[in-house]
Structure formats: structure tokens, C-alpha cells
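Read the figures in this text as sums done on the coordinates, not as results from a lab. Fair warning: this is a prediction, and the values are worked out from it, not measured in the lab. Ideal geometry is used to build each Cβ from the backbone, glycine not excepted, and the neighbour counts take in all protein chains shown.
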Amino acid sequence: MTAAATGLSQRLDESLRTITSISRAPAAVLAVVTGAETAIACHGDPLPGADTVFELGSITKTFTALLLAEMVTRGEVSYDDPITDYLPPRAHPRRILHRPVTLLHLATHTGGLPRLPANFYRRALPTWGTNPYARYHLDDLYQATARTRPRYRPGTHVHYSDFGIGLLGQLLANAANSTYSDLVLDRICRPLSMSKPFTGPGPSCATGYRRGRPMPAWEMSALAPAGTLRSSATDLLRYLQAHLHPHTSPMCLALRTTQIPRVAAKGKDRICLVWNHRCSPHGDLLFHSGATRGFTAFLGFCPQAHTGIAALVNTTPTHRRNMNTAAYTLFKTLIRNHPTVPP
């Protein structure tokens, strides 16, 4: 445990016990930043640390969105660029679309694409319980893109899509003549002083569990930009602090851009660039969760309260045992208790 304030540390210890009880995770880590204070609480046997690496699942999508914003600020791409601008000819949609799908549509889940490509399932079934994405390769993604037919007119409906964000990351890599993992390292991690992102297992990676059984390392292959990254509490605190104080970062404009609400979602919620946005009496709540076959993760921050939280456990969520609700409750409690913390 590291902390600048005993009260914050105590609150984290209490919440960590709740999260561990709900998730039944062998290992759990909570990290919080509130103004100038930070705290990290760890639980498990063996005990994880602040630098233990967990799979992030769909929190990866926030990195993909930030990468899009960064490339727009450089003038390398535009939000309104059609996806065909960065696809090889063989991957262009064969059906004529009345309105082209753009990069912004993909980043706001309004491209009309299904959650997963139609040709995904035949690849996924042999390893469905452990690594369903591992056998889905770039040729499969391009084949799905060529055959795609949006369910809705692009820009009119929010429909969460791993397909869309996975495709977005590949298009950005194509535009930069690079790979997704290299772009995240060069354009995000280095400017934000984060460690090299893990896209595979390493010596500091926790083992994930599903129903008490250890799981193999998560692989995403062609859909990597939708959920492949791994990170630690230490680095996620740096990531949160950059979002809370964009003016201190070399990525200032891109960070601010990702936080702009763009389309309406369920209820009063809105979608920014990937981030979920919810209004509260104390400010804007921006958050995202992630899950793999062996891990659950939650990330949230409130710029006005200068507060952010990262919660990581090494077990897959179920309907009855999902720690995200407890993490979100802690997030709201911290904001209520520290509504006007100076930066």
C-alpha cells in the first residue's frame, strides 16, 4: 500500500475487501488519485503489487480512441474520413452504402456494425471458453469488412461493437504505416511516461481465472485494438492523471478531445470517443469497463473533482459476481467526498 492520506487508504482497504468478496478473485488491486493524493491497495496470495500487470479487456478501446484523437491533431487522419480511405481495395464494402462509415462512427459505436463480425464465430468456437479471438486474423477482418452491411444508417444508433473498434485500430495502423502496438507505445505510452504496454504474457503478469480455473493469456489477433492491452495500477494512475490534467501533458488537445460527449446513449448517458459519459451534481463522470476470460477491469475519472479510479481483478465477471458495480460506487463516493479538490 502507498498513500498520501490515511483516510483515503482506509477507504480503499474497505472497498477492496468488498470487491474481493464479490468477485472471489485470487488477486485484486485498487488505485485512486484525488487531487495530489494517490493510493494503491492490493490483496491476494501471492500478493500482487502496484506494478503487477492485469489484462484490461475493453479498456483497451480508450487507448484506441486516444490514438485516433492524437492522429487527428497531427493532421494524419480526419474524424470524417470514410473507412475505405484506409482499407486495401479487397476489403472495401461490396454493397454501396448510402452514407459512408467514418472513423468517428467507429469511435462512437455508431457505425451500424454488429458487436462481432459475422465470420467470427466459426473461428472462435474451438477456443470459446478460453481464447475466442485468438484465431481471428487480419484476412478474416478484411473479409468481414468487404461483406459488411450496417444494421443501421451510420451515425443514427449506438450499438457497442468490438468489430468497429478493432477495425478502427487497424485503420489507424494502416494510415501510419505501422502496427497498433507500436502506435500505442510511441504515441501514448511514451508521451504519458507509461511503461511499454503488454500485448502478451510477461513475468509481471497476473494469471487470470475463470470459475476457479487458470486461463491462458488473452489473445485478440486482428481485433486487438478492442481488447488486447495489459497494464498495472502504477501506469493506469499515470493514464488517469493525464486525463484529469490534460494541460500538463504533451497530448493535451487529444486528451481533451476524447472527453467531449458526442452521441446520446441509454437514458441520459452519452458516448464520447469510446468513453461513457454521465452527468452528476459534482461533474462529468467518464468511465469504461473491460473483461477477458480471466480478468475484470474498471476505469473512471471526473475532471471537475480531480478524481480517478482503477480497479483490477484476475477473474472473469459473471452476472452474479461482477466487481464493476462496487468499483463504480466507490468512484461516486470519492467524488462526493472530494467535489472541489484543487489540482
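Place a +1 charge on the Cβ of each Lys and Arg in the range 2-337 and a -1 charge on the Cβ of each Asp and Glu, then give the dipole magnitude about the Cα centre in debye, rounded to the nearest 20.
1280 debye
List LYS268, LYS196, LYS332, LYS61 from most exposed to least, where exposure is judged by having the fewest other Cβ atoms within 10 Å.
Sorted ascending by nearby Cβ count, the order is LYS268, LYS196, LYS332, LYS61.
Give the lysines reachable from LYS268 as a straight Cα distance under 21 Å; neighbours fewer than 8 places away on the same chain don't count.
Output for LYS268: LYS332.
Ranked from highest to lowest mean number of other Cβ atoms within 10 Å per residue, what is the order of the peptides 23-29, 272-278, 89-95?
23-29, 272-278, 89-95
Would you mind checking the tilt of helix 324-337 against the longest principal axis of the Cα atoms of the chain, expressed as 0 to 90 degrees and rounded to 10?
60 degrees
Over the Cα atoms of the range 48-90, what is the Rg over Rh ratio if Rh follows Kirkwood? Write down the numbers at each step before the final one.
Details: Rg = 15.5 Å, Rh = 13.0 Å.
Looking at the range 48-90, the ratio lands at 1.19.
Bins of 5 Å, beginning at zero and ending with the bin holding the largest distance: percent of Cα pairs per bin for the range 57-202, please.
All Cα pairs, binned at 5 Å, distribute as 2, 9, 19, 22, 21, 15, 9, 3, 1, 0 percent.
Starting from the 7 Å offset along Cα-to-Cβ, what nm value, one decimal, do you get for the label separation of ALA118 and GLN10?
Going from the ALA118 label point to the GLN10 one covers 6.0 nm.
Around LEU185, with a cut-off of 15 angstrom between Cβ atoms, what is the net charge of the other residues, counting Lys and Arg +1 and Asp and Glu -1? Could you put the intermediate results ahead of the total?
Details: positive: ARG187, ARG190, LYS196, ARG230, ARG238; negative: GLU70, ASP182, ASP186, ASP235.
Value of the local net charge: +1.
Which one, ALA124, TYR328, ALA65, is farthest towards the positive end of the dipole of the chain when Lys and Arg carry +1 and Asp and Glu -1 on their Cβ?
Farthest towards the positive end: ALA124.
Let a ≥ b ≥ c be the square roots of the eigenvalues of the Cα gyration tensor of the range 131-230; is it rounded (a/c under 1.5), or, if not, prolate (a/b larger than b/c) or oblate?
It is oblate, given that a/c is not under 1.5 and a/b is not larger than b/c.
Length gain on complete extension for the stretch SER204 to LEU125, per 0.36 nm per residue less the alpha carbon to alpha carbon distance?
Details: separation 79, 0.36 × 79 = 28.44 nm, distance 2.98 nm.
Answer, rounded to one decimal: 25.5 nm.
Between the range 184-200 and the range 244-284, what is the C-alpha centre distance in whole Å?
Measuring centre to centre over Cα atoms gives 21 Å.
On a full-extension model of 0.36 nm per residue, what is the gain between GLU76 and ALA146, subtracting their alpha-carbon distance, rounded to one decimal in nm?
Between GLU76 and ALA146, full extension yields an extra 22.8 nm.
Sort HIS247, HIS159, HIS137 so the one with the fewest other Cβ atoms within 10 Å of its own Cβ comes first.
Details: HIS247 8, HIS159 17, HIS137 13.
Ranked by crowding around the Cβ, least crowded first: HIS247, HIS137, HIS159.
Just the projected area, averaged over all directions, of the convex hull on the alpha carbon atoms of the range 2-337: how many nm²?
Its average projected convex-hull area is 15.9 nm².
For helix 162-176, report the angle its Cα long axis makes with the longest principal axis of the Cα atoms of the chain; keep it between 0 and 90° and round to the nearest 10°.
The angle comes out near 80 degrees.
If the chain between THR18 and VAL158 were fully stretched, how many nm would it gain, using 0.36 nm times the residue separation less the Cα-Cα distance? Spell out each step's value before the answer.
Working: separation 140, 0.36 × 140 = 50.40 nm, distance 3.26 nm.
Stretched out fully, the THR18 to VAL158 stretch lengthens by 47.1 nm.
At what distance in nm do the modelled label points of SER193 and ARG90 sit from each other, each positioned 7 Å from its Cα along Cα→Cβ?
4.6 nm
So what is the calculated 222 nm ellipticity per residue for the chain, using -39500 (n - 2.57) for each DSSP H run with n of 4 or more, over all residues, to the nearest 500 deg cm²/dmol?
Counting only the DSSP helices, I get -9000 deg cm²/dmol.
Can you list residues from other chains, or at least 5 along the same chain, whose modelled amide H is less than 5 Å from the amide H of VAL53?
HN-HN under 5 Å from VAL53: CYS205, ALA206.
Lys and Arg at +1, Asp and Glu at -1: add these up for the other residues within a Cβ distance under 10 Å of PRO132 and post the number. Could you put the intermediate results ahead of the total?
Working: positive: ARG123, ARG135, ARG293; negative: GLU219.
Charge balance near PRO132 sits at +2.
Can you give the net charge of the other residues whose Cβ lies under 10 Å from the Cβ of HIS159, counting K and R as +1 and D and E as -1?
Local net charge: +2.
Taking neighbour counts of Cβ atoms within 10 Å as a proxy for exposure, in what order, fewest first, do GLU14, GLU219, GLU70, GLU37 appear?
By the 10 Å Cβ count, ascending: GLU14, GLU37, GLU219, GLU70.
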